[in-house]
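Each remark here refers to the structure printed beneath this line.
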Amino acid sequence: MSGRAARQLLVPGILVGAIIVIALIVPLLPLPDPIRMEVSARLLPPSAMHPLGQDEYGRDVLSRVLWGARTSLVVASLAAASAAIAGTLLGLLGGYFRGFVELLTVRSAEIILCFPPILLALLVVTLAGPGAGTLVIALSFLYLPGFVRVCFAETLAVRTLDYVTAQEALGAHPGRILMRTILPNVAPSLLVQLSLTVASALVLESGLSFLGLGVVPPAPSWGLMIRGARSTMEQAPWLLLWPCLALAGAVIALNLLCDRLRDVFDPRTRSLGWLARATIALLPRSAPPAEKPSLMQVAGLTVELDTPTGTVPLVRDISLTLAPGETLAIVGESGSGKTLTALALLGLLPPSVRLTGGVLLFRARGGRVQDLARLSEPELRRLQGDEIAMVFQDAGSSLNPVHRVGKQVAEAIRAHRPAAWSAAMARAVSLLREVGLPDAEQRVRSFPHELSGGQRQRVMIAAAVANNPRLLIADEPTTALDVTIQAQVLALFATLKTRAEGLGLIFVTHNLAVVSEIAERICVMYAGEIVEEGMAGEVLSQPRHPYTAALIASVPEGGGRLVAIPGGVPLPSALPHGCSFAPRCPRASAECSAAPPPLARIAAGRASRCIKWRELT
Amino acid sequence: MLAYAIRRVCIAAVLVWIIATLVFLAIRLVPGDPAELLLSQGGIAPDPASVAELRDKLGLDVPILQQYVSYLTGLLHGNLGASLLDDHPVAAEIALRLPRTLELIAAAALLAIAFGLPAGTLAALRAGGAADRVLSGTAGIALSIPVFVVGTIAILVFAQKLRWVPAGGYVPLGRDPLQHFLVLAMPAGTIALGLAAVIFRMTRSSVLEVLGRDYVRAARARGIAPARIVLHHVLRNALIPVVTVVGLHLGSLLGGTVLVEYVFNWPGLSGYLVRAVEQRDYPEVTGIVLVISILFVLLNLLVDLLYAVLDPRVRHA
């Protein structure tokens, strides 16, 4: 357990520990008898002898509160413990053997869940009469299914793991596997369930005692004390306060412990402290660059990740230009920063990742040039989806599952044009027909899950081109699709380009085969930098960077030998000194690691970040 | 959708039958003579004559299958038996009190949703901020304090000290509508507090999760206004798990109703139930338990159907 986890558990651990210690040692404390009555001292306010006062029978309230902790905790823990033992056993057996055993154990325990909990307890009380013993029995029944379910689910998950299968194959006895292998793995969830149950049992026990159907008077119990104080709350409201505080405090402490235990054992549920704002950093106004772009010009784009220990650069000093009607492919392995570059252009970086430098000039329809990095959120929003649109990698998760696809396309139109829903829907149908969705009139009423992967991607594309954008950014739009569908979607992009004159396309992909089909120019990215750029044909036939060459060699084409690139992209937090590709490069020498190589202009529109580009043929 | 609804209704019907059977079996499966058990008080053996009389009253002397058949036919005709003490029909008393319990639950649920949903959404949109911390802390405490404590303290503060509302009781809507809602406010508010905390927590974590989904980013990429994204894309999806969790908490909601009705002297099913348990009037207890459990099943059915309305993927499952 880490230090952080230990710190998180410290406060609730101490609180719960203190309550347990009090419950254990209360008989040893020099307290007045909690059930000795003194009718003449009825409802006396706090005094030196009785620091919390005396109740309606003159009994000492402090003593009753502390003894009450003992009663409540004993009932709650006994009930929780017996439910835990029986429930764990049933859950383990059901989860391990499945089939008929599951029916006997798990499913039959779940019948209890048909009843609201307190009613079942009351049914038991009617039959057996009130009392602490009845309470323990009733509560253990109630909490049994909770343990059975948790243990069953965890057992199912654990038993398919390799090491359990291996033990079975080695002929280990099921009992041994259950106790030695599965139980320790299930234990954390059971611990959380146990503390949840104790808290819940405490509430239910005091509730039943409050109704007069739980612990029998004159035994001290918090629920009974509240019941008693209720009748005298006009004269002695403080009598109500002490047991209420004790009960609420104990439950708060236990619940806090549960929450923290869950955080420690299951970090996924820990709440994330981030905002869902568009995180476009407000960069200082910079001097406008000399040349105005015909469509888009990016200079010095830098994206950094905020970490507790400082910022880590993810994308460094990217410069791109794009003319109307041109297609630029950004190519690289996963982790090269190509997707972040694309997201940064549209101001869609995830939280905690920030644009920290660069000028993103974009020429809008009217001819006005704006710097996307320095627009306010509403200004940027007017461009998003209207002049600049984006198609994402996974159409399955990028379409909202609860809305019909036609509505999602129409919504994109209505975000930028005042149009009635009916008009927007009609336009959506024709758009869907244009992107080749079969049976578009019917399919507008489909939900995303009713469409195939290729059809969903067509819907995404339809929504992206709905407002005739000037720039379309496609982030791996074919990666999640089957090969045959990939070809169709690529063909669709080609059609779109011919149909919409002047549409600039930025195509982000790791697939060089795709690039050769669609792109006029290529930008190869590695470890957050551009390592090579140039016209597609030239770069693919005559790479001037070893990384590009290696990428080309790893494409299965023409029956040649497939060469994988050894190693992986370096972590942004641990970039090598000098050339970041050097550790994986077959041509690397000492000078490669000496200093970070600059992006060398090697011909018109052609650049390479390799100092040995002349040696590459 | 229709097929899904029919299947859920059938499952609910089977559950009701299982519950009825369990309630029937509960008394007959306990070890020993149930009549003796019901009459025994603190370990003193009851008088054999009264045991025989009770056995006769409960119909325990006929064969069990015959008892079961007459019990089920009775149920189908709305006959829940009669009180052991005064032979008053249980069904009549329940018919009188059930609407009041339902009103309390509905008012509490409305209040809880009205506060929990917006607060949870706000906390998620401003996660980590001051509003989030205050709301989350409050919800954590609200979740931990037992309803009867909240109710009792509320009476002390609002009825006895401030004298804003009556301490409890019931005024029929027809007699005095204003007074009716004034009396309803405290018990409904008490139940709503814990439920609102549950809804708040679930909404907050669910909205946080949905905010990170790809389709929210895609909606932003289309330039859709933030308010529309939150309402139509985030909340619409975030509600699905919220509905599930509320469904899981229905049991404790109904349990809380029992205690709250008792605290505020609300003449619903609970006061009747508590008195019946105190007097160990078995037919009365089983009748009320049966009715509340069926209510529980019906509310769960409602949640299941709502779930299908919210999530189109469920309708085909």
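Every number in this text was worked out from the coordinates using simple rules, so none of it is lab data. Everything numeric here is computed off the predicted structure, so don't read it as measured data. When we count neighbours, we look across all protein chains shown, and the Cβ atoms used for this are built from the backbone with ideal geometry, even at glycine.
If the chain linking A:Ser593 and A:Lys292 were pulled fully straight, counting 0.36 nm for each residue of separation and taking away their Cα-Cα distance, it would gain 104.7 nm. Legend: helices of chain B (whole DSSP H runs) are marked when their alpha-carbon atoms reach 20 angstrom or more along the helix axis and their mean Kyte-Doolittle hydropathy is at least -0.5; marked are B:2-29, B:90-125, B:130-144, B:177-211, B:282-310.
Shielding value for A:395-404 is 6, the average number of Cβ atoms from other chains within 10 Å of each residue's Cβ. Inter-chain Cβ neighbour count for A:104-117, averaged per residue, equals 4 (cutoff 10 Å, partner chain atoms only). Averaging the sequence gap over all C-alpha pairs within less than 8 Å and six or more residues apart, then dividing by the number of residues, gives chain A a relative contact order of 10 percent.
Membrane-span-like helices in chain A (whole DSSP H runs, Cα extent of at least 20 Å along the helix axis, mean Kyte-Doolittle hydropathy of at least 0.5): A:3-25, A:61-97, A:132-159, A:183-210, A:238-265, A:483-499.
Considering lysine pairs in chain A that are 8 or more places apart or on different chains, how many have Cα atoms under 28 Å apart? Don't jump to the answer; show the numbers that get you there.
On the way: A:Lys292/A:Lys338; A:Lys292/A:Lys497; A:Lys338/A:Lys497; A:Lys338/A:Lys612; A:Lys407/A:Lys497.
Taking chain A as the scope, the lysine pair count is 5.
The mean count of C-beta atoms from other chains within 10 Å of the C-beta of residues in B:251-262, rounded to a whole number, is 5.
For chain B, what's the relative contact order in percent, using C-alpha pairs closer than 8 Å and at least 6 residues apart?
On the way: 326 pairs, mean separation 81.4, N = 317.
Value for chain B: 26 percent.
Binning the C-alpha pair distances of segment B:93-316 at 5 Å intervals from 0 yields a P(r) profile of 1, 7, 12, 16, 16, 15, 12, 9, 6, 4, 2, 1, 0, 0 %, listed from the shortest bin outward.
Net charge near B:Leu156: determine it from the other residues with C-beta under 10 Å of the C-beta of B:Leu156, scoring Lys and Arg +1 and Asp and Glu -1. Kindly include the intermediate steps, with their values, before the conclusion.
On the way: positive: A:Arg230, B:Lys161; negative: A:Glu234.
With Lys, Arg at +1 and Asp, Glu at -1, the neighbours total +1.
Extending 7 Å from the Cα toward the beta-carbon at both A:Ala172 and B:Leu72 defines two label points whose distance is 4.7 nm. Summing charges over neighbours of A:Ala607, with a neighbour being any other residue whose Cβ is under 9 Å away from its Cβ, gives +2 when K and R count +1 and D and E count -1.
FRET efficiency for the pair A:Arg180 and B:Asp61, taken as 1/(1 + (r/R0)^6) with r the Cβ-Cβ distance and R0 = 60 Å, rounds to 0.65.
Radius of gyration (Cα atoms) of segment A:3-265, expressed as a multiple of 2.2 N^0.38 Å: 1.18.
Peptide packing for B:239-251, B:196-208 was compared via the average number of neighbouring C-beta atoms within 10 Å per residue; ordered from the highest value, the list is B:196-208, B:239-251.
Rank the residues B:Phe158, A:Phe141 as a footprinting-exposure proxy: fewest other Cβ atoms within 10 Å of their Cβ go first. Intermediate values should be presented prior to the final figure.
Working: B:Phe158 17, A:Phe141 21.
Starting with the residue having the fewest Cβ neighbours, the order is B:Phe158, A:Phe141.
Count Lys and Arg as plus one, Asp and Glu as minus one, and take only other residues whose Cβ is under 12 Å from that of B:Val207; the net charge is then +3.
Calculated FRET efficiency, A:Glu501 to B:Leu306, Cβ-Cβ distance, R0 = 45 Å: about 0.35 to the nearest 0.05. The residues B:Tyr307, B:Tyr215, A:Tyr57, when put in order of fewest to most other Cβ atoms within 10 Å, stand as A:Tyr57, B:Tyr307, B:Tyr215. Rounded to 0.05, the FRET efficiency of the A:Ser430 and A:Leu10 pair, given R0 = 56 Å and the Cβ-Cβ distance, is 0.30.
Under the convention that each Lys and Arg Cβ holds +1 and each Asp and Glu Cβ holds -1, the size of the dipole of the protein assembly as shown around its Cα centre is about 2600 debye.
Fewest first, what order do B:Val216, B:Val309 take by the number of other Cβ atoms within 10 Å?
Details: B:Val216 20, B:Val309 11.
Taking fewest neighbouring Cβ atoms as first place, the list is B:Val309, B:Val216.
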